[in-house]
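Right, one structure below, let's go through it.
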Amino acid sequence: MEDRAETTEGECVGLEYQEDMRQALRARAKASGRVRRIRQVALTGAAVFVGASVVPLAKGEVPGAQPLVIAGVLVVLLFVVQPWLTARQFHKIASRHGAYHVEVDDFGVAVSNAGGSSRLNWTAAPYYAETPDTFVLLSGDKDLSCLTVLPKRGVRGPEGVDGVRTLLDRHIRRL
């Protein structure tokens, strides 16, 4: 399906696209306090395991490889595998619903697909983040648990992207 957009009177921009969640999840992770806390805990845990290898060195002993291996596995699991699995889950869910049709206007965002439709007013998504390829609308809770993705490729021409940006800047705060 070809991604396209329509700009109509009354400051309304329409988008049509197939969902892609990778950049949206990265933007959410960057803005979310929960994700930062998880990363801090993971790095602290890895530092503890690395420190467990350094202590024997200070005593002149040969350190075991086990703490270093555990630290490496912990870092790989939390910084590589976990984000990949999350994006994969979101992609599976989103791909079941087919093409998304979105209208952004002065009242909020209307999203519809084969699975249903919803209308978000601006208070439901008071923040947004912009990535090179998407606008990501984020909920107001501390963990940013809800997100709505608006891929720029779904908008025809740079004036459509600017129209979406203008509407978002007018009604919600950019992170």
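The values are calculated or read from the model by the stated rules, or taken from the named source; none is laboratory data. No experiment lies behind these values; they were computed from the predicted model shown. Ideal geometry is used to build each Cβ from the backbone, glycine not excepted, and the neighbour counts take in all protein chains shown. In case anyone asks, the SASA skips ligands and DNA or RNA and just uses the protein heavy atoms, side chains included. Shrake-Rupley method; radii C 1.70, N 1.55, O 1.52, S 1.80 Å.
Kindly provide the set of residues from region 109-131 that are more than 19 Å from Arg153 (Cα to Cα) and touching a residue at least 24 places away in the same chain (Cβ under 8 Å), ordered by number.
Answer for region 109-131, where residues must be more than 19 Å from Arg153 (Cα to Cα) and touching a residue at least 24 places away in the same chain (Cβ under 8 Å): Leu120, Trp122, Ala125, Pro126, Tyr127.
Does Gly116 fit the bill of being surrounded by fewer than 16 Cβ atoms within 10 Å (Cβ to Cβ), small (Gly, Ala, Ser) and modelled with pLDDT under 80?
No; evaluated as a whole, the condition is false for this residue.
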What strands (runs of 3 or more DSSP E) completely inside region 1-107 contain at least 3 residues that are modelled with pLDDT of 75 or more and touching an Asp or Glu at 6+ places or on another chain (Cβ under 7 Å)?
-> 100-105
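Yes/no matrix, rows are residues, columns are (1) β-branched (Val, Ile, Thr); (2) open to solvent by less than 70 Å² (accessible area, probe 1.4 Å):
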{"residue": "Val75", "(1), (2)": "yes, yes"}
{"residue": "Ala87", "(1), (2)": "no, yes"}
{"residue": "Ser95", "(1), (2)": "no, yes"}
{"residue": "His101", "(1), (2)": "no, no"}
{"residue": "Asp106", "(1), (2)": "no, yes"}
{"residue": "Ala110", "(1), (2)": "no, yes"}
{"residue": "Tyr127", "(1), (2)": "no, yes"}
{"residue": "Gly140", "(1), (2)": "no, yes"}
Would you tally the residues in region 158-175 being among the hydrophobic types (A, V, I, L, M, F, W, C), open to solvent by 80 Å² or more (accessible area, probe 1.4 Å) and free of Cβ contacts under 8 Å to residues at least 60 places away in the same chain?
-> 0
